[in-house]
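Undergrad: Questions regarding the structure given below will be posed in turn.
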Amino acid sequence: MAVEGLTGSGNGGVAFLVSAGVMYEIIAAACSSPQTTELNAHTRADTLMKWVNLGVAQGLLFVFAAALYDRKHAKPILTGGLVAAVLLYVQYAHAKAAGLASGGPATERY
């Protein structure tokens, strides 16, 4: 089944997936994984959220630009990007909090 068929009429399904994928990729490029973040929160907590915030800002810049270029699909582009941004932000915030609360050993040594 083509991705367009996921929405029934093909109105914005691809744009939604592309927007969400771009957001995930940009944030991932700016940050380490949430698992690594949790494991090493004691040494990374000071800079972690700075980089998550920068990743979200970069992602939103691209998502908003895409919505401006493709106004026909602006709603799914914005929705996909915003949903991805919120989900990933919550994952990193949880990883930081869980890592700081745990007493487990880190995977990095300095």
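Undergrad: Could you tell me whether any residue of the range 67-79 is in contact (Cβ under 8 Å) with a residue 60 or more places away in the chain, under 29 Å from Thr107 (Cα atoms) and assigned to a helix (DSSP H, G or I)?
TA: So far as the range 67-79 goes, no, none of its residues is in contact (Cβ under 8 Å) with a residue 60 or more places away in the chain, under 29 Å from Thr107 (Cα atoms) and assigned to a helix (DSSP H, G or I).
Rundown of residues vs (1) within 11 Å of the chain's Cα centre (by Cα); (2) crowded, with 16+ Cβ neighbours inside 10 Å; (3) farther than 29 Å from Leu100 by Cα; (4) at pLDDT below 90, yes/no style:
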| site | (1), (2), (3), (4) |
| --- | --- |
| Gly10 | no, no, yes, yes |
| Ala15 | no, yes, yes, yes |
| Ala29 | yes, no, no, yes |
| Gln35 | no, no, no, yes |
| His42 | no, no, no, yes |
| Met49 | no, yes, no, yes |
| Lys72 | no, no, yes, no |
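Undergrad: Can you pull out the residues in the range 74-92 that are under 12 Å from the mean Cα position of the chain (by Cα) and more than 15 Å from Gly21 (Cα to Cα)?
TA: We begin by selecting, within the range 74-92, every residue under 12 Å from the mean Cα position of the chain (by Cα); these are 80-92.
Matches in the range 74-92: Val90, Gln91, Tyr92.
Undergrad: If I filter the range 17-25 for residues that are in contact (Cβ under 8 Å) with a residue 40 or more places away in the chain, within 16 Å of the chain's Cα centre (by Cα) and closer than 11 Å to Tyr92 by Cβ, do I get at least one hit?
TA: No, the conditions are met nowhere in the range 17-25.
The values are calculated or read from the model by the stated rules, or taken from the named source; none is laboratory data. The shown structure was predicted, so the numbers you read here are calculated from the model rather than taken from an experiment. Methodologically, a virtual Cβ is constructed for each residue, glycine included, from the backbone with ideal geometry; neighbour enumeration extends over all protein chains shown.
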